[in-house]
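Report on the following structure.
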Amino acid sequence: MSRGDVAKCAGIALILSAGISWLFYRHVAGMVVAVVLGPVMYNLKKQENIGKRQERLRSQFKECIRVVTASMQVGYSVEHAFLEAQKELEQLLGRQADMCRELLQMNQQIRLNVPIEGLLEKLAYRSGVEEIFSFGQVFGYAKRSGGDFQRILQDTTERISEKAELEQEIGTMIAGKRIEQRIMNVIPLGILFLINWTSPEFLKMMYEGVLGRLCMTICLLVYGGAYLLSQKIVDIRI
C-alpha cells in the first residue's frame with residue numbers, strides 16, 4: 001500500500017477503535033481498549049483494501065492475457081505480444097493502472113533477456129493473485145515442453161476467464177447479503193449510541209462497577225466475534 005493508503009487505514013482504525021471504546025466503556029480509562037482495537041481495526045481495513053486491489057489487478061490481468069493470446073495467434077512473438085498488451089491496456093485503462101505499470105516494468109526486463117515466466121512468478125508473489133501464479137506456471141511449462149504453445153495458453157486463458165466470470169456472478173448474487181451484513185454490523189453500535197444519547201441513565205449500571213464493565217467487555221468480545229464470523233460467511237472464494 002502507498003503511504004496515503006496506510007495513513008487512511010490508520011486514521012479510520014483510530015476513529016473506529018476510539019468510538020467503540022467510548023460506546024462500551026464511556027470512561028477515559030476504557031480508552032485503553034483502543035490500544036488493542038487499533039491494530040485489529042487497522043489490519044481489517046488493510047486486508048479490505050488489499051482485497052479490492054487484488055480484485056482489480058485480477059480483472060486487469062485477465063484482459064492482459066487475452067491480448068497476449070490474441071497477439072500470438074496472429075503471429076507475434078511472446079515478447080512482442082506482451083508489448084502489444086501494454087499498449088492496448090494503456091489505451092483501455094490508462095497508464096496509471098496497476099497492470100499497465102507492471103507491464104511497463106516487465107517489458108523493460110524482457111528487453112534485457114529476463115525470462116517472462118520469472119517475471120510472472122515475481123508478480124504473482126508480490127500481488128498474491130492466484131491466477132497470475134497459475135498462468136506463470138503454465139506459461140513456463142508450455143515454453144519448456146515445446147508443445148502447442150498457443151493452444152495451451154488459449155486453454156489456460158479460457159479457464160481463468162471462466163473462473164473470473166463465475167466469481168463475478170457469485171459476487172453479484174451475494175451483493176445484497178453483503179449490504180445486509182454491513183447493516184447488521186452497524187445496528188448494535190447504533191442502538192448503543194442512541195440509548196447513550198437519549199437515555200444515558202438507562203445503561204448507567206453497565207458503566208459502573210466491576211460487574212457492569214465485565215458485562216460490557218463480554219458484549220464487546222461477542223460483537224467482535226460476530227463481526228469476524230459475518231466477514232467469513234460472505235467471503236466466498238473459488
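Here, each number is a calculation from the coordinates, and none is a lab measurement. It should be emphasised that the depicted structure is a prediction, and the values quoted were computed from it without experimental measurement. When we count neighbours, we look across all protein chains shown, and the Cβ atoms used for this are built from the backbone with ideal geometry, even at glycine.
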Can you tell me the 0 to 90 degree angle between the C-alpha axis of helix 209-234 and the longest principal axis of the chain, rounded to 10?
20
Separation of the residue 198 and residue 184 label points, Cα + 7 Å toward Cβ, nm
2.4
At R0 = 30 Å the Cβ-Cβ FRET efficiency linking residue 5 and residue 87, nearest 0.05, sits at 0.60
Residues 219, 9, sorted so that the one with the fewest Cβ neighbours within 10 Å comes first:
219, 9
At 0.36 nm per residue, and after removing the present C-alpha to C-alpha distance, how many nm does the segment from residue 96 to residue 53 gain when stretched out fully?
14.1 nm
Does the range 53-160 come out rounded, prolate or oblate, given a ≥ b ≥ c as the square roots of the eigenvalues of its C-alpha gyration tensor, rounded meaning a/c under 1.5 and, failing that, prolate meaning a/b above b/c?
rounded
May I ask you to derive the FRET efficiency for residue 43 and residue 111 from their Cβ-Cβ distance with R0 = 41 Å, giving the value to the nearest 0.05?
0.55
Note: residue 172 to residue 18 extended length (0.36 nm per residue) minus current alpha-carbon separation gives 52.1 nm
Helix-only [θ]222 nm of the chain, DSSP H runs n ≥ 4, -39500 (n - 2.57) each, per residue, nearest 500
-28500 deg cm²/dmol
Which entries in the list 62/87; 122/143; 8/62 go over 21 Å, if you measure between the two C-alpha atoms of each?
8/62
Measuring from the longest principal axis of the C-alpha atoms of the chain, the long axis of helix 33-73 (C-alpha) lies at a number of degrees, nearest 10, equal to 20
If I fit a long axis through the Cα atoms of helix 98-110 and take the longest principal axis of the Cα atoms of the chain, what angle between them do I get, 0 to 90°, rounded to 10?
40
Out of (i) 32, 22, 16; (ii) 50, 18, 14; (iii) 26, 22, 19, which label holds the value of semi-axes √(5λ) of the Cα gyration tensor in Å that was computed here?
(ii)
Projecting the Cα atoms of 175, 83, 139 onto the charge dipole of the chain, where Lys and Arg contribute +1 and Asp and Glu -1 at Cβ, the residue farthest towards the positive end is 175
Based on the Cβ-Cβ distance of residue 35 and residue 70, what FRET efficiency does E = 1/(1 + (r/R0)^6) give at R0 = 41 Å, to the nearest 0.05?
0.15
Under the 0.36 nm per residue contour assumption, what length would be gained going from the current alpha-carbon distance of residue 217 and residue 165 to full extension?
14.4 nm
Compute, for the range 174-238, the length of the dipole vector about the Cα centre, with Cβ point charges of +1 (Lys, Arg) and -1 (Asp, Glu) only. Units Debye, rounded to 20.
300
With just the Cα atoms defining each centre, how far is the range 40-98 from the range 165-231? Give it in Å.
37
